[in-house]
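A.B. asks: Before I ask anything, let me first share the structure, which is written out below as structure tokens.
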Amino acid sequence: MACMKNYLLPILGIFLAYYYYSADEEFKPEMLQGKKVIVTGASKGIGKEMAYHLAKMGAHVMVTARSEEALKKIVSNCLKYGAASAHYIAGTMEDMTFAEQFIAKAGKILGGLDMLILNHITSATMEPFAGDIHLVRRSMEVNYISYVVMSMAALPMLKQSNGSIVVVSSMAGKMASPLVAPYSASKFALDGFFSSIRTEFSVTKVNVSITLCILGLIDTDSAMKAVSGILNAEAAPKEDCALEIIKGGALRQEEVYYGKIGWTSLLLKNPGRRILEFLSLRNYNMEKFINN
């Protein structure tokens, strides 16, 4: 008990103070001016709004999605809004070869990369899980594995620019979410992988930030259609959501919480987990990190 009072309680106090009361650095749109940014899932919804925000901030914007016609229009609008440059490459994230090759092509076109915003998901309906393994596999491949593939392909460029990876996730990746089990599993996987990689980067002094964005219900057309008649909850605006994601990436925050429920972050942030992660590092042989 004395050990707990002497060590664990002060550590808990420090973590709580940092987690809940630390002042945020001020975001300035100029932070994105001239930056080379990729946005996936950019043909509609949050992705489209992020592309437009970035354009207005003067960034070089590269967008991707399946619909070439939609991407052409978005690129045209980005140039009207003031993008330093705007480009697109159409394709599906169900194809891991495309996902990897897209990063290489985008890097050549942009001349490098400062920020990778991973936002795409596969479509799914809200219904009890009935053993559809194909849906589970597709959800994991598109919503998770393609994120890993693209991040690792982009890492050499991001190391050169001291850049950022922004991972768009969901409250369904932080809490049990009935009727969307395969989707929820893929979002939990994002947290597990990218939070672990973030720790590896910290230990090995890799100056690439990873921001996990935990979103509530957002008023995109696809989300509103999916929850109609099923979920009674107020949706937050996609335009503001897109801006908060960009801010989080620019400020190199570890996590961003956004939704209509203001106290979501207070409930979902887990200081106990962070304390355990911090303490568990003492049990590792640091040479394993350094030698790799």
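The values are calculated or read from the model by the stated rules, or taken from the named source; none is laboratory data. Note that the structure is predicted; figures quoted are calculated from it, not measured. No Cβ is skipped: glycine too gets one built from the backbone with ideal geometry, and neighbour counts run over all protein chains shown. Heavy atoms of the whole protein, side chains included, go into the accessibility calculation; ligands, DNA and RNA do not. Shrake-Rupley method; radii C 1.70, N 1.55, O 1.52, S 1.80 Å.
A.B. asks: Residues of the stretch 56-73 with the amide nitrogen closer than 18 Å to a label point 7 Å from the Cα of K108, along Cα-to-Cβ, please.
C.D. replies: 62-64
A.B. asks: Here's another thing I want to ask about it. Taking every pair of alpha-carbon atoms in the stretch 155-200, give the share separated by more than 14 Å as a whole percent. Please list the in-between numbers first.
C.D. replies: Values: 573 of 1035 pairs.
More than 14 Å apart: 55 percent of the Cα pairs in the stretch 155-200.
A.B. asks: Please give the calculated 222 nm ellipticity per residue for the chain, where each DSSP H segment of at least 4 residues contributes -39500 (n - 2.57) and the sum is spread over every residue; nearest 500 deg cm²/dmol?
C.D. replies: Numbers: 12 runs with 142 residues, N = 292.
Mean residue ellipticity at 222 nm (helix-derived): -15000 deg cm²/dmol.
A.B. asks: Please report the carbon-and-sulfur percent of the accessible area for the chain; probe 1.4 Å, protein heavy atoms only, DNA, RNA and ligands left out.
C.D. replies: Values: 8480 of 15350 Å².
On the chain, the fraction of accessible area on carbon and sulfur atoms equals 55 percent.
A.B. asks: If we sort 111-123, 144-156 on the protection proxy, mean other Cβ atoms within 10 Å, highest first, what's the order? It would help to have the intermediate numbers written out before the result.
C.D. replies: Details: 111-123: 21.2, 144-156: 19.6.
Top to bottom by mean Cβ count within 10 Å: 111-123, 144-156.
A.B. asks: Using a basic spin-label model with each label point 7 Å from the Cα along Cα→Cβ, how many nm lie between S202 and D240?
C.D. replies: Each label point lies 7 Å from its Cα, and together they span 3.0 nm.
A.B. asks: Give me the 1.4 Å probe accessible area per residue for the stretch 28-291, excluding ligands and nucleic acids, in Å².
C.D. replies: Counting only protein heavy atoms, the per-residue value for the stretch 28-291 is 48 Å².
A.B. asks: If each residue of separation counts as 0.36 nm, what is the full-extension length gain between E26 and K80 once their alpha-carbon separation is subtracted? Working shown, then result.
C.D. replies: Details: separation 54, 0.36 × 54 = 19.44 nm, distance 2.72 nm.
Fully extending the segment from E26 to K80 adds 16.7 nm.
A.B. asks: Using Rg/Rh (Cα atoms, Kirkwood Rh) as the read-out, say which of [x] 1.01; [y] 1.59; [z] 0.97 was calculated from these coordinates.
C.D. replies: Identified label for the calculated read-out: [z].
A.B. asks: How would the stretch 95-200 be classified by its alpha-carbon gyration tensor: rounded, prolate or oblate, with rounded meaning a/c under 1.5 and the a/b versus b/c comparison settling the rest? Walk me through the numbers before you get to the answer.
C.D. replies: Working: a/c = 2.87, a/b = 1.84, b/c = 1.56.
Taking the square roots of the gyration eigenvalues as a ≥ b ≥ c, the stretch 95-200 is prolate.
A.B. asks: Run through all the Cα pairs of the stretch 228-292 and give the fraction in each 10 Å bin from 0, expressed as whole percent.
C.D. replies: 15, 29, 29, 18, 8, 1
A.B. asks: Can you give me the C-alpha center-to-center distance between the stretch 54-83 and the stretch 185-251, rounded to a whole angstrom?
C.D. replies: That distance is 21 Å.
A.B. asks: Using unit Cβ charges (K, R positive; D, E negative) and no other charged atoms, how large, in debye to the nearest 20, is the dipole of the stretch 28-291 about its Cα centre? Walk me through the intermediate numbers first.
C.D. replies: On the way: 29 positive and 23 negative charges, 118 e Å.
About 560 debye.
A.B. asks: Want the number for L266 to D221: 0.36 nm per residue separation, take away the alpha-carbon distance, what's left?
C.D. replies: Values: separation 45, 0.36 × 45 = 16.20 nm, distance 2.80 nm.
Extra length from L266 to D221 when fully extended: 13.4 nm.
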